[in-house]
Amino acid sequence: MAARSDVRRWLVDARFGAGAVRLPPRVALFQLRARRLARRSGDVFSLTSVTRPSDLRTLLSVARGRRRVVELGTATAWTTISLALADPRRSVLSCDVVAREEPARYMGLVSEDVRARIELAIRSGSAGPPNGAAVDLLYIDSSHERAETVAEVRAWRPVLDPGAVIVFDDYTHPGFPGVREAVAELGLAGERLGTLFVHRVR
C-alpha cells in the first residue's frame, strides 16, 4: 500500500510539474519551490487546495497588463504571489476572513521587492475596498456561496472602471453551485475559460 501511495504521489507531482513549466518562468519556479516546501513541511492543505497550473495560466493571461489586482480568498497565497511575480509593476491586495500560517511560509520564497507589492488583509470580501482606488482585476475565490459572492461583486463594483475584469474561480465545479448561481443572479455576461468565468466590465 505504501508503494502504491508513493507512486500516486509521484504521478500527481509529475502532473503538477508538467503544468507548472507552461507558466511564466518566475511563476513556474515559485510554484515548483512552493510545492517542494509543502511536501517537506507536510502542508496537505496547500497541496490539495492551490489553483491548478492550467487555471493559473488562464488567470495570468487574463491579468496581463492589469496593474491593480484584488484577490478575495488568500488561502495559501500561492496565487497571490504568482500574480505579483507575473508582472513587476503589479500590486496585489488579497483578502481572507481566516488568518492562516501558510501565506507567511510561502512569502518567504520570494524577494523583498515582490513582497512589497503584496498586501495581505484579514477582512471580508463583502466589506468592499478599503479606499477608493480603482481595481483592474477582481479575482473571486472565497466562500463560493451565492449570497456572499453576490455581496462581494456589489461591494467592489464601484472601483471597477470600464475595461476591468471580474474572474470567478470554480465556476464549473459541481460542489460549488453558488458561484454559477451568483453570476446568474447578477446577470453578468462573460466567457467560461476552463473552470473560470470571466466578466468584462463595460
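Derivation of every value follows stated rules applied to the coordinates shown; laboratory data play no part. What you see is a predicted model, and the numbers here were worked out from it, not measured in a lab. Note that each Cβ is placed from the backbone with ideal geometry, even for glycine, and that neighbours are counted across all protein chains shown.
Put simply, the amide H of ALA164, placed in the peptide plane, has neighbours under 5 Å in VAL201, leaving out anything fewer than 5 places away on its chain.
In the chain, Cα pairs under 8 Å separated by at least six residues give a relative contact order of 17 percent.
For GLU145 and ALA116, a Förster radius of 41 Å and the Cβ-Cβ distance give a FRET efficiency of 0.80, rounded to the nearest 0.05.
For the chain, a Gaussian network of Cα nodes joined below 10 Å ranks ALA151, ALA184, ALA20 by mean-square fluctuation, and the top entry is ALA184.
DSSP beta bridges fully contained in the chain are about 25 percent antiparallel. Summarising the amide proton neighbourhood of GLU119: residues at separation of 5 or more, or on other chains, whose placed amide H is nearer than 5 Å comprise VAL92, LEU93, SER94. Length gained on full extension, LEU29 to THR172, computed as 0.36 nm times the residue gap minus the Cα-Cα distance: 48.7 nm.
For the chain, what does the helix formula give at 222 nm: sum of -39500 (n - 2.57) over DSSP H segments with n ≥ 4, over the residue count, nearest 500 deg cm²/dmol?
When only DSSP H runs of four or more count, the value is -13500 deg cm²/dmol.
A Gaussian network model of the chain, with springs between Cα atoms under 10 Å, assigns the largest mean-square fluctuation among ASP13, ASP96, ASP55 to ASP13. Springs join every pair of Cα atoms under 10 Å in this Gaussian network model of the chain, and among PHE45, PHE16, PHE168 the largest mean-square fluctuation is at PHE45.
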